[in-house]
1. Check off (1) over 18 Å from the mean Cα position of the chain (by Cα); (2) loosely packed, with under 12 Cβ neighbours inside 10 Å; (3) at pLDDT 65 or above; (4) assigned to a helix (DSSP H, G or I) for GLN100 and give me the number that stays unchecked.
2. So which residues in the range 39-52 are aliphatic (A, V, I, L, M) and modelled with pLDDT of 95 or more?
3. For the condition acidic (Asp, Glu), at pLDDT 75 or above and closer than 15 Å to PHE26 by Cα, what is the one hit in GLU124, GLU55, GLU131?
4. Of the residues LYS62, LYS84, LYS4, which single one is more than 30 Å from LYS134 (Cβ to Cβ) and assigned to a loop (DSSP other than H, G, I, E, B)?
5. Cβ-Cβ distance below 6 Å, separation of 6 or more or different chains: which pairs start in the range 40-54 with a residue that is not assigned by TED's automatic domain parsing to the domain that holds GLY30 and end on one that is of a type outside the set (D, E, K, R)?
6. Tell me, which residue of the range 50-66 that is of a type outside the set (S, T, N, Q) and touching a Gly at 6+ places or on another chain (Cβ under 7 Å) is surrounded by the most Cβ atoms within 10 Å (Cβ to Cβ)?
Amino acid sequence: MTNKESTVFVGGLNPQDDEGFLNEVFSQYGTVTSSRVIKDQVNKLSKKFGFVTFETVEVAQKVQAMEHIPYKGRNMNVGEAVRKPPSEISYMLLAVYLLQKIPEVQTSGLNRTQQRKLDNYYQELHKTYQEYVKQRLKK
């Protein structure tokens, strides 16, 4: 049994719903071993979906088959947890993060033209990241 097989996607969450909420709702179907509400990396707000992992695959499959979980007058969507491939922006964010952690890039052996190209590349990467953050904060 892998976690993926016993993990259920949960959509249609309210912004204030947290892991405790998921545990409370889904523990009525079986033993919940973990839960996670997905949050935006920039503004830390809920993306209104999450994941619940059950102790057994059988319970997870039973919940997935329901498609909707009614709770206090609303329906949450449930289904198979599927890992999406990382987006291009994810790689860019990782690059910016790593650059912030490295105080100085090793540039020995580069001539001035190569150094300028590298500096321009990092400046463009940083500008693109800043624009991305601004756009995300507007949402």
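The values are calculated or read from the model by the stated rules, or taken from the named source; none is laboratory data. Remember, it's a predicted structure, so these values are computed and weren't measured experimentally. Ideal geometry is used to build each Cβ from the backbone, glycine not excepted, and the neighbour counts take in all protein chains shown.
1. The single condition GLN100 does not satisfy is (3).
2. VAL52
3. GLU55
4. Working: LYS62 fails: assigned to a loop (DSSP other than H, G, I, E, B); LYS84 fails: more than 30 Å from LYS134 (Cβ to Cβ).
None of the others qualify; the one that does is LYS4.
5. Note: no pairs meet the criteria.
6. Going through the qualifying residues, I end up with PHE54.
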